Amino acid sequence: MHILIRCDASDLIGSGHVIRCCTLARVLVRRKATIHFICRQQSGDLISLIETEFPVIRLPQVSYCTQTGRSYRSTNSSEYEAWLGCSQLADATDTIHALKHEGITHFNWLIVDHYGLDSAWQSVVKSEFFVNTDSHPLKLLAIDDLANRPHNCDILLDQNFFGYDTHDRYEGLVNTSALLLLGPHYALLGPEYSCLHRVLDNRNGIFRIFVFFGADPDNLTALVLQALMHADYQSLAVDVVLGFNSPHLKTIQDIVESRPNFFLHVNLPSLSGLIARADIGIGAGGTNTWERICLKLPTLVFASAQNQLLSSRALDLIGLIRLFPSHLDINPSTIKSFLDKFLAHLPSLSSTNYITDGLGAERLCSAILGYDDLHFHSFCSFDRPLLQYWYDQSTLSSYPISSQHRNHLLSDFSHISDDFSHNTFIISSINPTRVPVGFLTISRVYSGRIVDIFCHLDSPPQCNEFPLKIVLYVFRHSSIHSCNCFVSALRMFGPECSSIKPTFESSSADISFSIHPKNSSQLAPSFVSILIDSSSWLIHYLLPLFRGLWQRGHVIRLVHHPRDLVTGDVCIILSCSHILSPQCLQLHRHNLVVHESNLPHGRGWSPMSWQIIEHSNEIPVTLFEASSSLDSGRIYLQQVIHLDGTELIDEWRQIQASTTVAICFEWFDSYQSVVSSSFEQIGTPTFFPKRTPLDSELDPNKSLAEQFDLLRSVDNDRYPAFFSIRERLYKVYIDI
């Protein structure tokens, strides 16, 4: 995956945007992404620092806004836009030209972290590079802190905290389809912070002070150090950190050299070590706030910018920092006076004060790239703060959850205990580190049947694979053996599912639905089993089928072996290597099979592959009623897959899967007419044999053109093409 990051640093902008984007880029690179930065050349730009790790595409230098004047004045009087040094259209044009000059015309994601850029810039660049090489739209992540301008993005990240206003600040500023990741739970911190977060104990005593103000244009560092030179603090060690290209280096050096217990640190790669060993912190209200809170450091904060002030007030209100009063003049005397009060009443920060655990960059990376694998573990006491946080978020979220279910969860969380572990699982992604991303609660069980599942995710990824993995986990690994499971968790995976609200009767194990068929021909809500081999490739394409059947009001159960089938209404048999016995067939009123051939011709195994090998590009698809003999039941529906003869296995499999889902929906939606018009198979049956790895053998004496359709049918991983020549075996892999 190719990802571009547009951000700037300068003497005026500071280094924060670049530093946090580099943190995110390192996580993305560990997930095998290719990264390019796009930065404008200017004084203090940090391009040389970025280039030690990542390639940088440079935009031409322009005169930018300074404290003494500006050569470019923003049309909307925004100082932040003036920092661009040019209009947004000019910057977008420079960006497009620079990318094309580098030969970059296709990429997957564009990350934008710049206060001077909004939807005007984003729309121009997105329209220029709208489609990537896989024919999917270019996606854009906007990183913001201000909530003062519109965005045209797929994901918006704002890691700041504003109390109850955190989730409302972007209302009307972001397109409704965007995924909003809001709050310090997503703070972009380096991996060392999450490691230290888990092991740091509470502080005992005050021996060391950590001082850091970032860019610090007003040189608050000097004022704080002058206050700390008072005799009351002479026994305390003070670690002073200056940011990149600090204009106050000489002044601070002189102060530090005058005191033996003052220590100066410049251009550190990470502040985690100093924060971890400190007992209190003093600094600005910017990005470093989340680093200090993650490592449980009580801090006196000075907030000068308006966005820092609002966030700092909210954090002060819940006791995570102490904010220096805005009405006081900032000088050594007032700092000393307020610091004395702060030291006398230090807040106690521990894991129970959960607001960030240092894994925000990993969560954002997973929202962009998806999840490599999942791990589930039962709730334990260590998970309590994070679980409480997730519950708080679920009450604020728009996930569809009934008031009855909400009250049920509320009662559980009001007295969280280890007994909750019996039906709650923490979901972690493994990519490559284990990151908690949500929880799953089996919250209602009647007569051994799971009838309600609630799932909360931090950041649902921009793909459909993750919800399916949750569903598979529930059905494969739940200790509760369900007779009729259904996937109510799917309600949260699309706004179209929000109106689906099954009702539950506590006096009965059955489920009554408030949904009725859209038309008289549609099958009424029923119990549906889906039988498919657990190793089948098709299983990864079935989320639309789950979601669509759920929308139609059906109860769904996923089964991987006929022995696990129970009584129901409809069994859909897909990519199943077992022939059902008459006893299994009697468990459902209908047993549907989808088979890619014009039955009775082409019964048997892998019909799609065999027909492609035989140079066919018109593949019949038949949905029929299963019987005790192989592929011989009554035919309900037939469709045709049209190929152009170039599709490789992953491409035609996707077409096959889409057709499978579509023909199943047609059966459910036109049930009455389809069943009444079904017909017996006519003609002499033919059979395809089961494919083996030996069927992928190429003939070295034939041309590639002659054997191209065989190459189209091979699986590079499971049964790659091969040929033998001169007593040696050679494998052949095909891709585009």
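The values are calculated or read from the model by the stated rules, or taken from the named source; none is laboratory data. Note that the structure is predicted; figures quoted are calculated from it, not measured. We place every Cβ from the backbone using ideal geometry, glycine too, and count neighbours over all the protein chains shown. The protein model used for the area step is the full one, side chains on, heavy atoms only, and it has no ligands, DNA or RNA in it. Shrake-Rupley method; radii C 1.70, N 1.55, O 1.52, S 1.80 Å.
Residues of segment 93-116 that are outside any loop (DSSP other than H, G, I, E, B) and either under 20 Å from GLU81 (Cα atoms) or touching a residue at least 24 places away in the same chain (Cβ under 8 Å) (or both): THR93, ASP94, THR95, ILE96, ALA98, LEU99, TRP109, LEU110, ILE111, VAL112, ASP113.
Might you check whether a residue that is surrounded by 14 or more Cβ atoms within 10 Å (Cβ to Cβ), touching a Ser or Thr at 6+ places or on another chain (Cβ under 7 Å) and within 11 Å of PHE212 (Cβ to Cβ) occurs anywhere in segment 302-311? Looking for residues that are surrounded by 14 or more Cβ atoms within 10 Å (Cβ to Cβ), touching a Ser or Thr at 6+ places or on another chain (Cβ under 7 Å) and within 11 Å of PHE212 (Cβ to Cβ), one finds none in segment 302-311, hence no.
For LEU268, the stated conditions hold: it is in a loop (DSSP other than H, G, I, E, B), more than 20 Å from ILE330 (Cα to Cα) and free of Cβ contacts under 8 Å to residues at least 40 places away in the same chain. Kindly establish whether ASP372 is at pLDDT below 70, open to solvent by less than 30 Å² (accessible area, probe 1.4 Å) and among the acidic types (Asp, Glu). Spelling it out, it is not the case that ASP372 is at pLDDT below 70, open to solvent by less than 30 Å² (accessible area, probe 1.4 Å) and among the acidic types (Asp, Glu).
Could you please let me know if ARG384 is under 27 Å from the mean Cα position of the chain (by Cα), charged (D, E, K, R) and open to solvent by less than 10 Å² (accessible area, probe 1.4 Å)? Taking the combined requirement at face value, the residue does not satisfy it.
In segment 12-43, which residue that is of a type in the set (Ser, Thr, Tyr) and modelled with pLDDT under 90 is least open to solvent (accessible area, probe 1.4 Å)?
SER15
Residue count for segment 1-19 satisfying the condition of being in contact with a Ser or Thr (Cβ under 8 Å, 6 or more places away or on another chain) and over 17 Å from ALA367 (Cα atoms): 7. Only one of the listed residues (PHE688, PHE722, PHE708, PHE679) is farther than 20 Å from GLN522 by Cα and either open to solvent by 50 Å² or more (accessible area, probe 1.4 Å) or of a type in the set (Asp, Glu) (or both). That residue is PHE708. Filtered by the rule that a residue be open to solvent by 10 Å² or more (accessible area, probe 1.4 Å) and over 22 Å from TRP605 (Cβ atoms), segment 527-550 gives PHE527, PRO544, ARG547. Here VAL640 passes the criteria (1) more than 29 Å from ILE736 (Cα to Cα); (2) outside any helix (DSSP H, G or I); (3) among the aliphatic types (A, V, I, L, M); (4) open to solvent by 40 Å² or more (accessible area, probe 1.4 Å) except the one numbered (1).
Residues in segment 616-623: is at least one open to solvent by 20 Å² or more (accessible area, probe 1.4 Å) and of a type in the set (A, V, I, L, M, F, W, C)? So far as segment 616-623 goes, no, none of its residues is open to solvent by 20 Å² or more (accessible area, probe 1.4 Å) and of a type in the set (A, V, I, L, M, F, W, C). Annotation note: of ASP239, ASP216, ASP201, the sole residue that is open to solvent by 10 Å² or more (accessible area, probe 1.4 Å) and in contact (Cβ under 8 Å) with a residue 24 or more places away in the chain is ASP216. SER629 meets the stated requirement of being part of a loop (DSSP other than H, G, I, E, B), open to solvent by 40 Å² or more (accessible area, probe 1.4 Å) and of a type in the set (Ser, Thr, Tyr).
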